[in-house]
Amino acid sequence: MREWKQIGRGLVCLMSVFLWVTPLLARQEEGEKPKPAGRPYPPAIDTNGDQQNPDQGTQTLQPDNQPLSGIQNPTLGTPEIRHSYLVPGIEYGNIALSNSLNPGSNLGWNTTSFVTGDVSLLESWSHSLLSVNYSGGGFFSTDPTQGSGQYHQLSSAYEISLRRWQILFVDQFSYLPQTAFGFGGPSGLAFPGTMGTLAVPLPGLEAAYVPSQTVFTATGPRYSNASAAQVTYAVSPRGSITVAGVYGVLHFADPGNVDSDSEIESVGYNYAVTRNDSIGLIYRFAAYHFPGDAQAVGNHLAQIAYGKKITGRVALKLSGGPEVITFRVPIGGSTQKITGAGSATLTYAFSRSSIALDYSHEVSGGSGIFTGSIVDQVNASFNRRLTPVWTGSLSFGYARTRPIVSPPGAISPVYDAWLAGAGVSRPIGRTAFLSLAYQAQIQDSNVALCGDPSCGKSRTLNQVFLTFQWNTRPLVLR
């Protein structure tokens with residue numbers, strides 16, 4: 001209850017800042033109207049416009065103006081805003097699983113149904129933009145270890161843009177019955193808000209700023225939240241400085257898992273070499289705390305970054321550099337470790353398809369298993385327009401999670417998580433959306449997956465998804 005109150009107070013403070021800052025900035029110098037950043041998943045951009053909402057017409061992509069050293073994923077571009085609108089709807093999702101989510105159970109096939117309400121909101125003013133996607137409701141399962149409960153996902157962003165200033169507030173929240181890594185597979189259940197062309201474009205935070213959940217053996221309901229603020233100031237026509245702060249939590253409802261809190265601050269310099277190419281310097285400090293545990297992990301990181309953006313075609317970001325990891329409680333007599341970290345993100349669009357690749361090697365909060373960990377994570381997806389209405393997708397994910405430092409003479413648990421999936425989706429008329437998908441979820445480790453040797457060290461879970469969503473016609477606000 002204490003953690004829920006902390007999150008509630010944080011959201012109230014964030015909205016108070018929104019209401020206080022907007023009228024002040026409205027009196028400042030005139031600048032360009034802000035443009036929403038493109039949603040990162042699914043990565044495909046509808047270049048043919050076959051599924052475009054008739055009320056909106058054919059979208060025109062605007063350049064992605066996010067800073068290279070910023071906290072959000074790069075995108076292929078931003079749709080031009082023609083109206084502020086609200087879209088409410090309802091959704092039914094069903095997951096058929098070949099076994100229980102709990103590795104200690106051997107249940108066999110079971111199903112979990114989700115019934116939710118969905119809301120997407122896009123509100124544009126002269127110098128600011130509010131974007132919100134939310135899905136929430138309840139679920140019930142034939143798996144007795146999971147039972148029934150609540151389900152919530154929220155992504156929101158508030159952007160302010162002036163001649164020299166860009167200010168961004170972001171919040172990503174979820175309350176899920178299982179890990180967020182692979183939840184929903186390639187189906188519509190994975191994404192909050194309305195699907196299809198009415199989806200409000202909203203890019204996610206980079207993986208380094210979101211509490212990691214890459215170990216499937218951390219079981220039970222959990223809530224994850226990342227609240228961020230970012231300010232960018234243009235010091236010259238080509239150069240700018242970006243400062244950001246992110247506070248994240250990953251807390252579990254059931255005992256036996258490791259809760260974590262994170263505080264991350266970063267500062268960066270961005271320089272546009274050409275119209276499409278930019279370079280940057282980034283310094284980031286992260287502090288990870290674990291309620292009820294004396295351990296704390298600090299991470300100092302310096303990186304060089306390169307970015308390339310061609311609107312509607314290419315979005316690329318590469319970054320890497322050294323890092324120094326410190327421990328409040330020594331591990332094996334050591335209080336620090338010097339290593340390196342890096343990430344790479346690429347989205348490329350063809351005429352009828354797109355591909356997205358993402359890799360990161362980062363320190364994380366431990367995914368509910370460790371008091372701090374190192375995670376190597378790869379995500380890949382391919383989307384293609386199969387017919388004028390049907391779209392197909394392939395997805396792949398891999399994550400290796402291990403302790404930062406292993407105590408001498410002890411076995412260091414290492415967890416390898418694999419995801420492989422495929423799906424199809426289509427609109428049904430103007431107000432409905434259907435998706436079908438399959439995903440294999442595999443967990444390998446050098447230790448027993450549930451603390452009991454009878455559980456084994458490897459486990460495969462097959463999942464079949466069916467999602468149907470209905471929404472009203474867009475309610476145009478202005």
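The values are calculated or read from the model by the stated rules, or taken from the named source; none is laboratory data. This is a predicted model, so every value here is computed, not measured. Note that each Cβ is placed from the backbone with ideal geometry, even for glycine, and that neighbours are counted across all protein chains shown.
Every residue in the range 435-459 that is without any contact (Cβ under 8 Å) to a residue 60 or more places away in the chain, surrounded by 15 or more Cβ atoms within 10 Å (Cβ to Cβ) and part of a strand (DSSP E or B), please.
Ala440, Ile442, Asp444
List the number of the failed condition for Leu107; all other conditions in (1) farther than 23 Å from Val231 by Cα; (2) modelled with pLDDT under 90; (3) surrounded by 17 or more Cβ atoms within 10 Å (Cβ to Cβ) hold.
(3)
Which is at pLDDT 95 or above, more than 13 Å from Thr460 (Cα to Cα) and surrounded by 20 or more Cβ atoms within 10 Å (Cβ to Cβ), of Ser113, Ser131?
Working: Ser113 fails: surrounded by 20 or more Cβ atoms within 10 Å (Cβ to Cβ).
That would be Ser131, the only listed residue that is at pLDDT 95 or above, more than 13 Å from Thr460 (Cα to Cα) and surrounded by 20 or more Cβ atoms within 10 Å (Cβ to Cβ).
Only one residue in Ala157, Ala180 is assigned to a loop (DSSP other than H, G, I, E, B) and either aliphatic (A, V, I, L, M) or under 17 Å from Gln213 (Cβ atoms) (or both), so which one is that?
Working: Ala157 fails: assigned to a loop (DSSP other than H, G, I, E, B).
That would be Ala180, the only listed residue that is assigned to a loop (DSSP other than H, G, I, E, B) and either aliphatic (A, V, I, L, M) or under 17 Å from Gln213 (Cβ atoms) (or both).
Taking the options Leu154, Leu162, name whichever one is of a type in the set (A, V, I, L, M, F, W, C), over 22 Å from the mean Cα position of the chain (by Cα) and surrounded by fewer than 23 Cβ atoms within 10 Å (Cβ to Cβ). Spell out the reasoning first.
Details: Leu154 fails: over 22 Å from the mean Cα position of the chain (by Cα).
Answer to the selection: Leu162.
Could you please find all residues in the range 403-425 being over 20 Å from the mean Cα position of the chain (by Cα), part of a strand (DSSP E or B) and surrounded by fewer than 18 Cβ atoms within 10 Å (Cβ to Cβ)?
Hit for the range 403-425 is Val424, nothing else.
Counting just the residues of the range 334-350 that are in contact (Cβ under 8 Å) with a residue 40 or more places away in the chain and more than 24 Å from the chain's Cα centre (by Cα), which one comes out surrounded by the fewest Cβ atoms within 10 Å (Cβ to Cβ)?
At the first step, the residues of the range 334-350 found to be in contact (Cβ under 8 Å) with a residue 40 or more places away in the chain are 334, 337, 341, 343, 345, 347, 349.
Still in the running and more than 24 Å from the chain's Cα centre (by Cα): 334, 337.
Values: Ser334: 14, Lys337: 17.
So, considering only residues that are in contact (Cβ under 8 Å) with a residue 40 or more places away in the chain and more than 24 Å from the chain's Cα centre (by Cα), the one surrounded by the fewest Cβ atoms within 10 Å (Cβ to Cβ) is Ser334.
Residues that are of a type in the set (Asp, Glu) and under 21 Å from the mean Cα position of the chain (by Cα): does the range 262-281 have at least one?
Taking the range 262-281 as the starting set, the residues that turn out to be of a type in the set (Asp, Glu) are 263, 265, 277.
So of that shortlist, the ones also under 21 Å from the mean Cα position of the chain (by Cα) come out as 263, 265.
Scanning the range 262-281, I find at least one residue that is of a type in the set (Asp, Glu) and under 21 Å from the mean Cα position of the chain (by Cα), so the answer is yes.
Among the candidates Asp50, Asp46, Asp64, single out the residue that is part of a loop (DSSP other than H, G, I, E, B), under 29 Å from Tyr269 (Cβ atoms) and modelled with pLDDT under 95. Let's see the steps before the verdict.
On the way: Asp50 fails: under 29 Å from Tyr269 (Cβ atoms); Asp46 fails: under 29 Å from Tyr269 (Cβ atoms).
Result of the check over Asp50, Asp46, Asp64: Asp64.
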